[in-house]
Amino acid sequence: YNEYKSYLSMLTGSSDSKDIHTVYSVTVAELDDGIAAKSLDNVQGLSIKQDCTSSISLVFLNKGSEVERFELTPGTSSCPCGKLAWILNFHDRTFKIKFSNEQSEREFRDILSNVRANKRAKISKFKERTEDSSASQYFQFYGYLSQQQNMLQDYVRTSTFQRAILDNHADFENKIVLDVGAGSGILSFFAVQAGAKHVYAVEGSGMAEHCKELIRHNKFSDRITVIHGMIEEIQIPEPVDTIISGVSRYCRHVTLNQWHVLAVREPAYQIPI
């Protein structure tokens, strides 16, 4: 495999690179003379990659596949545009990149700051072990409302989770709870039913936005906080007492969600369990 990979790299002129930041939901437009904007409909996400020489690249993605790549250097011209957008200039091309949430924009801003300071970017544990295409397909799959509906309508699965939480109410009553891979937020709702003081619902896919709406309409915004991002890359505001996660999946195969839970329990992760 390694020999084949080296041969492929030689043919294509590419080299191994680490994905240090990926956003699966962005809007990108190319600016003409910095004024007229042409929406790039074939770009749905972006990735920041770092190769073994510490060179940083911005890669536009379409369903996990590379569309275009541009080198990020300390001299790359960039400026914020509003609350969630950035404008970047690469020689003769200028792009406006708009993020779907403040956390994605903040992480991108931090990377730009590191590039300007010529610092080597830090690669999260999630990026180290997960291929871009696998992550993209995974979060796209669980970001579909229809997929969340299928799981919720699995009565045996959903009721088993509810019973497990309610029957162990001592682990939830007046506790701070972390829901890893929250999806629609159903386990967070069950935790509140069991008396949780507060729940942090972490979700990496676009379902996080729907989860926020469900929580708001059910008037639990003061009890459940949704954090959009990977558990290995976000910060929980306070130590948690209990971790919950719907780790049972199809065909009993190991999924990314199970790795997320293991990552939280690592000693290096600053949450006492």
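The values are calculated or read from the model by the stated rules, or taken from the named source; none is laboratory data. As the structure is a prediction and not an experimental result, all values here were calculated from the model. Backbone-built Cβ (ideal geometry, glycine too); neighbour counts: all protein chains shown. Protein only, heavy atoms only, side chains kept; ligands, DNA and RNA dropped before computing areas. Shrake-Rupley method; radii C 1.70, N 1.55, O 1.52, S 1.80 Å.
Filtered by the rule that a residue be of a type in the set (Val, Ile, Thr) and either open to solvent by 10 Å² or more (accessible area, probe 1.4 Å) or under 16 Å from the mean Cα position of the chain (by Cα) (or both), the range 175-191 gives Ile176, Val180, Ile186. When Gly75 is tested against (1) in a loop (DSSP other than H, G, I, E, B); (2) open to solvent by less than 50 Å² (accessible area, probe 1.4 Å), just one condition goes unmet, and that condition is (2). Pairing each residue of the range 157-176 that is closer than 25 Å to Gln147 by Cα with any residue that is at pLDDT below 95 and outside any helix (DSSP H, G or I), provided the two are 6+ apart or on different chains, yields C-beta distances under 8 Å for Arg157/Ser248; Phe161/Gly246; Ile165/Ile244.
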